[in-house]
Amino acid sequence: MEEKLVIIAKDEFINEAKEIAKHLNIELKESAMDKELYLKLDEKGLSLNYEELEMYGDLTSMARRLKKDNLSHEFIVKASKIKGANNPITILDATAGMGEDSLLLAAAGFEVDLYEYNPVIAALLRDSLKRAAAEPSMADIVSRMVLHEEDSIKAMEKLEYSPDVVVLDPMFPERQKSASVKKKFQLLQKLECPCATEEELFNAAKKCNPRKIVIKRPLKGAFLDGKKPDYSLEGKAIRYDVFVFSYKAD
């Protein structure tokens with residue numbers, strides 16, 4: 001973590017905030033100081049804040065994209081499908097982040113294990129999943145998502161099952177002098193740097209013996225670890241590189 005972090009909360013959320021503070025080993029304060037990175041817990045949920053920037057994990061805002069007709073157009077869903085595979089297809093999201101891609105996959109019927117090594121991002125994601133699960137229209141979808149707060153590289157090296165698909169989304173390198181970087185990435189980049197272990201990440205994914213590895217990249221970005229995929233699916237700003245392997249042994 002690059003900056004010191006604290007947590008603040010309204011009185012009615014103090015007990016929950018104390019639990020989060022203990023888990024993250026951070027200080028619970030009444031208010032944050034200027035130029036201080038902090039978590040805030042209120043009636044809207046847990047948020048990450050810095051000056052005028054504020055970010056909640058809000059999977060419920062994706063409800064429109066979860067409709068069946070819309071899901072069929074999502075590139076992450078297209079890239080992860082396996083023709084002739086028995087359902088449910090199992091997905092290992094090795095770089096879960098805020099869980100948006102995993103939510104789309106779970107809505108499409110996949111069983112998804114989400115791995116997030118950064119404890120602060122994991123806390124934000126856990127809170128977002130909790131609130132999404134409380135929505136009747138999303139409860140069944142969220143039930144197919146299991147969050148693991150640990151290093152996915154280490155986890156994949158000792159995994160006791162072979163997922164059908166491993167999804168990799170290393171954080172994109174920060175663009176220099178760009179005013180268009182989204183608030184979410186401005187805040188997340190205060191917690192963790194862009195992925196610096198591309199070779200380890202890809203090799204660990206291969207060790208899982210999946211049928212596919214799906215890698216999310218910027219449209220014009222370089223291939224992960226310089227490895228050319230079997231094929232790619234391209235959107236307006238994002239590209240999904242897909243590696244296809246032989247069927248898993250029973």
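The values are calculated or read from the model by the stated rules, or taken from the named source; none is laboratory data. Computed from a prediction, not measured in an experiment: that's the story for all the values here. Heads up, the Cβs are rebuilt from the backbone with ideal geometry, glycines too, and the neighbour counts pull from every protein chain shown. Only protein heavy atoms, including side chains, enter the accessible area calculation; ligands, DNA and RNA are left aside. Shrake-Rupley method; radii C 1.70, N 1.55, O 1.52, S 1.80 Å.
Observations, loosely collected:
- Restricting attention to the range 59-75, the residues that are modelled with pLDDT under 90 and surrounded by 13 or more Cβ atoms within 10 Å (Cβ to Cβ) add up to 2.
- Taking the numbered list (1) modelled with pLDDT of 95 or more; (2) farther than 24 Å from residue 10 by Cα; (3) of a type in the set (Asp, Glu) in turn, residue 151 passes all entries but (1).
- So residue 94, is it open to solvent by less than 90 Å² (accessible area, probe 1.4 Å), more than 20 Å from residue 185 (Cα to Cα) and of a type in the set (A, V, I, L, M, F, W, C): no
- Look at the range 56-79: where a residue is on the phi > 0 side of the Ramachandran plot, no partner that is surrounded by fewer than 18 Cβ atoms within 10 Å (Cβ to Cβ) sits 6+ places away or on another chain with Cβ atoms under 6 Å.
- Which numbered condition residue 36 fails, given (1) in contact (Cβ under 8 Å) with a residue 12 or more places away in the chain; (2) open to solvent by 30 Å² or more (accessible area, probe 1.4 Å): (2)
- Pick from the range 109-152, criterion acidic (Asp, Glu) and open to solvent by 50 Å² or more (accessible area, probe 1.4 Å), ranking: farthest from residue 16 (Cα to Cα): 111
- Take the conditions (1) modelled with pLDDT under 75; (2) farther than 22 Å from residue 112 by Cα; (3) open to solvent by less than 40 Å² (accessible area, probe 1.4 Å); (4) not charged (D, E, K, R); residue 171 misses just one of them, which is (2).
- Residue 78 open to solvent by 70 Å² or more (accessible area, probe 1.4 Å), touching a Ser or Thr at 6+ places or on another chain (Cβ under 9 Å), over 26 Å from residue 134 (Cα atoms) and not hydrophobic (A, V, I, L, M, F, W, C): yes
- Candidates are the residues of the range 236-250 that are surrounded by 12 or more Cβ atoms within 10 Å (Cβ to Cβ) and part of a loop (DSSP other than H, G, I, E, B); the one that is modelled with the highest pLDDT is 245.
- There is at least one residue in the range 118-130 that is of a type outside the set (Phe, Trp, Tyr) and outside any helix (DSSP H, G or I).
- Answer residue from the range 196-230, given it is surrounded by fewer than 20 Cβ atoms within 10 Å (Cβ to Cβ) and in contact with a Pro (Cβ under 8 Å, 6 or more places away or on another chain) and is modelled with the highest pLDDT among those: 223
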